[in-house]
Amino acid sequence: MSQFVELLVNGLSLGCIDALIALGFVIMFKATRVVNFAYGSLLLLGAYTVGRYHDALGFAGAVLVSIGVTAAAAALIGVVLLRRARLADPGTLAILTLGVDIVLVTELTRRIGADLLTTGDPWGAEVVTIGSVHIPQTRIAAAAVALALVTAFLAVLRFTDWGVALRASAERPATATLMGIRLGRTAASTWVLAGSLAAVAGVFFTAFPSPGIGGTVGQLALGAAVPAAVLGGLDSTTGALVGGLAVGLTATFAAGYADQLAFLGRGFSSVAPYMVMLLVLLVRPSGLFGSREITRV
């Protein structure tokens, strides 16, 4: 029972990080209807900035610089590259973001080198022990920050003019334009917000118990974001939260009970979230909270 409780708590805390990653992925899709494969490299850029400058600026200063750098990079991708290709179909734009991801990851991997960077976070490898349950302090901090950011975003999305403009431009772009909403400005601000979320998520994604910041961080982050976003629904911010928690719990329990699941093969915990995603999509192709496309026959 103690192992189950420990896995549950750690799974929920990891799920909060996955939900934060998936949220940035989803709001980009809501604003532009483009699946942004460059999101993992943006997260790596944010983590790399913190790892490179935390000694000189301190942890808080490095995080602020990281948010600014990653937000600017996201805006550059969204405004310059995708706006130039706005007449292309979504599939072409998705391939374009994949190319951006390859270029950015290659350059960041070259800069990182063979050694892993650390975030220099104040929690380090400290662990909170409650009875027989051990929880890393970084996971507690990550859960608190992720829940606060997700709650704040949902409140902004529902109760502010910007949130109304985002929802209107995502659901009825032609009508939103006639009502005076500038779709380009709304999409650009959304990409800036998503880049900022990527920077924050990158800090916690690469903190303890993660080994550190390496060239594979972007791929691992995207591997968590995609099943979480698709499972919850690509156009649903609530789905991103639920999907992230589901992915975190699935991966943690699959890894924790790896000995009992050995008959499924080594590394089953890496594919378990995708299996859950596929099972959900068999029942609900649009995801748990995704909008169903209605087609007149």
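The values are calculated or read from the model by the stated rules, or taken from the named source; none is laboratory data. The structure presented is a predicted model; accordingly, all values stated were derived computationally and were not measured. When we count neighbours, we look across all protein chains shown, and the Cβ atoms used for this are built from the backbone with ideal geometry, even at glycine. Only protein heavy atoms, including side chains, enter the accessible area calculation; ligands, DNA and RNA are left aside. Shrake-Rupley method; radii C 1.70, N 1.55, O 1.52, S 1.80 Å.
Brief remarks follow.
- Cα gyration tensor shape for region 193-297, rounded if a/c is under 1.5, else prolate or oblate: oblate
- Met275 accessible area, 1.4 Å probe, all protein chains in place, Å² to nearest 10: 90
- Backbone geometry of region 250-265 corresponds, through the Karplus equation with coefficients 6.51, -1.76 and 1.60 at θ = phi - 60°, to 3J(HN,Hα) couplings of 4, 5, 5, 5, 5, 6, x, 10, 4, 5, 6, 9, 4, 5, 8, x Hz, x marking Gly and Pro.
- Computed from Cα atoms, the angle from the helix 90-112 axis to the main principal axis of the chain rounds to 40 degrees.
- Among 133-141, 221-229, the peptide with the highest mean count of other Cβ atoms within 10 Å heads the list, and the full ranking is 221-229, 133-141.
- Whole-Å semi-axes of region 189-255's equivalent ellipsoid (Cα gyration tensor): 19, 18, 9
- Rounded tilt (10° steps) of 183-205 against the dominant C-alpha axis of the chain: 0
- Between the amide H of Val127 and those of Gln137, distances stay under 5 Å, these residues lying 5 or more places away or on another chain, with hydrogens modeled in the peptide plane.
- For the chain, the longest principal axis of the Cα atoms and the long axis of helix 217-232 meet at an angle of about 70 degrees.
- Once the gyration tensor of the Cα atoms in the chain is diagonalised, the equivalent ellipsoid follows with semi-axes of 30, 24, 18 Å, ordered largest first.
- Taking all protein chains into account, the per residue accessible area for the chain stands at 49 Å² (1.4 Å probe).
- Ranked by the mean number of other Cβ atoms within 10 Å per residue, highest first, peptides 156-162, 194-200, 184-190 order as 194-200, 184-190, 156-162.
- Converting the Cα gyration tensor eigenvalues of region 1-143 into ellipsoid dimensions via √(5λ) gives semi-axes, longest first, of 33, 20, 12 Å.
- The chain - percent of accessible surface contributed by carbon and sulfur, probe 1.4 Å: 66
- Other residues within the sphere of radius under 14 Å centred on the Cβ of Met277, judged by their own Cβ, net out at 0 (K and R +1, D and E -1).
- A simple count of charges around Ala94, restricted to other residues whose Cβ falls under 13 Å of its Cβ and scoring Lys, Arg +1 and Asp, Glu -1, yields -1.
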